Amino acid sequence: MPKGRTMIRGHGGNIYAMAKAIGCKPGDFVDMSSNTNPIGTMTGLLDYLGENLGAISVHPEVDSRSLVEAFATHYNIEAECVLPGNGTTQFIFAAPLALGSKKAIIFGPTYSDYEGACKMHNVDYGYAMANEFNLFQPDVPGLEKYLNKIDTVFICNPNNPTGSLISRVNLSKICMEHPDIYFLIDESYLPFTDHYEENTMIRCGLKNVIVLHSFSKIFKIPGLRLGFLIAPKAIIERFGYYYEPWSVNGLAQAAGHYLMNNNRMLYNFLRDTQSFVAKEKQLFIERLEGVSKLSVFPSEAPFILVKIEQGSDAERLCNDMADNRILLRNCGNFEGLSGQFFRISLRGSKQNAMVAEKLRGIFA
């Protein structure tokens with residue numbers, strides 16, 4: 001393998017491989033391993049894409065300029081501070097090159113691609129780990145001890161898989177106190193919370209802050225791959241050196257335009273999503289109350305982290321549930337988590353209730 005490259009590791013179960021292994025179709029699963037919107041896509045989006053399938057027969061707009069302008073207008077930021085991409089993953093892996101990273105800290109336990117990007121580009125990295133005794137709430141003031149000779153910090157907010165959220169007040173403070181360090185803040189799950197406007201860093205105006213904004217999760221279009229990077233113009237220029245033409249395909253551009261040009265529908269969709277997630281998350285947690293073999297951690301995201309305190313382990317549980325056509329996320333391959341942790345992503349009300357009852361039955 002070429003020096004600096006890394007295999008794809010640390011991601012969730014492959015629904016296609018799992019379906020093949022147990023002899024069913026991917027659609028036969030209740031997939032609670034994938035962190036996409038439990039209420040589905042926005043009304044009319046799929047029909048609109050069907051009407052625009054002709055977009056695949058011509059080149060898309062090479063720099064997605066009109067989509068950038070629509071995004072910037074919607075979020076009240078300058079278009080020159082926005083880059084659209086093939087999902088936010090494109091920017092995570094470009095970050096070490098664009099920022100010239102030499103030594104990084106990752107707020108953990110968290111999504112594996114931050115580590116993967118560091119490994120790919122031979123960046124020296126370490127973790128600032130939150131722990132279960134503090135309910136995985138990050139110790140932001142305690143980060144100070146990690147920042148000596150550091151040039152880049154990766155933060156997922158709210159965090160995957162713990163669901164913990166750092167307030168904008170606390171994030172802004174530490175970013176302002178360390179202007180020579182780049183802070184890459186992944187807000188992929190922030191739109192699921194009703195605290196978005198008060199906590200997003202998208203308009204923070206700080207010269208060392210890079211924000212990732214994903215459409216894949218909140219709008220349930222991960223197959224289209226659409227995400228945005230928001231940063232000061234000087235940082236956008238640096239990412240531009242590693243930016244490929246036609247990074248956003250024609251259908252993804254069409255989806256982005258539809259979402260950005262239906263403001264009232266978008267507002268209602270986000271409000272409905274936030275309300276549904278809050279309600280179903282509370283119900284799910286309540287259904288597991290009193291199950292002493294499971295510890296359920298508070299979450300600001302559309303998923304819940306659970307620890308098995310005794311008896312089984314997460315790998316065995318996930319395999320047994322898969323045999324019953326239910327997919328959970330084994331978190332044993334997250335740095336900083338043991339094989340006792342698993343994650344549940346919310347789905348429809350009936351599915352959530354059914355899975356909670358199955359877990360009660362297993363661990364009662």
Given the residues TYR127, TYR114, which is the only one that is under 16 Å from ASN333 (Cα atoms) and over 17 Å from the mean Cα position of the chain (by Cα)? TYR127
Note: among ALA55, ALA95, ALA104, just one is buried (at least 21 other Cβ atoms within 10 Å of the Cβ), touching a Gly at 6+ places or on another chain (Cβ under 9 Å) and either within 26 Å of HIS178 (Cβ to Cβ) or not aromatic (Phe, Trp, Tyr) (or both), namely ALA104
Give me the pairs: first residue in the range 53-67 and among the basic types (Lys, Arg), second residue surrounded by fewer than 16 Cβ atoms within 10 Å (Cβ to Cβ), beta-carbon distance under 9 Å, and six or more apart or on different chains, which are they? ARG65/ALA79
For the range 197-209, pairs from a residue that is in the same structural domain as GLU78 (by TED's automatic domain parsing) and within 17 Å of ASN157 (Cα to Cα) to a residue that is among the basic types (Lys, Arg) and at pLDDT 95 or above, with Cβ under 9 Å and 6 or more apart or across chains, are GLU198/ARG168; ASN199/ARG168; THR200/ARG168; MET201/ARG168; CYS204/ARG168
Has the range 273-289 got at least one residue that is closer than 22 Å to LEU165 by Cα and over 24 Å from the mean Cα position of the chain (by Cα)? yes
Confirm whether PRO158 is within 30 Å of GLY256 (Cα to Cα) and either among the small types (Gly, Ala, Ser) or buried (at least 18 other Cβ atoms within 10 Å of the Cβ) (or both). yes
Count - residues of the range 31-46 that are in contact with a strand residue (DSSP E or B) (Cβ under 8 Å, 6 or more places away or on another chain), part of a loop (DSSP other than H, G, I, E, B) and farther than 14 Å from PRO191 by Cα: 3
Collect the residues in the range 124-168 that are outside any loop (DSSP other than H, G, I, E, B) and free of Cβ contacts under 8 Å to residues at least 40 places away in the same chain, keeping them in residue-number order. ASP124, TYR125, GLY126, ALA128, PHE133, ASN134, PRO141, GLY142, LEU143, GLU144, LYS145, ARG168
From the residues in the range 210-234 that are small (Gly, Ala, Ser) and in contact (Cβ under 8 Å) with a residue 12 or more places away in the chain, which one is surrounded by the fewest Cβ atoms within 10 Å (Cβ to Cβ)? ALA234
Can you name the number of the only condition in (1) under 27 Å from PHE297 (Cα atoms); (2) surrounded by fewer than 21 Cβ atoms within 10 Å (Cβ to Cβ) that MET201 fails? (2)
Need the failing condition index for SER214 against (1) small (Gly, Ala, Ser); (2) assigned by TED's automatic domain parsing to the domain that holds VAL140; (3) farther than 19 Å from SER34 by Cβ, just the number. (3)
Is it true that GLU61 is in a loop (DSSP other than H, G, I, E, B) and of a type in the set (D, E, K, R)? yes
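The values are calculated or read from the model by the stated rules, or taken from the named source; none is laboratory data. Note that this is a predicted model, so its numbers are computed, not measured. Glycine gets a Cβ as well: all are built from the backbone with ideal geometry, and neighbour counts include every protein chain shown.
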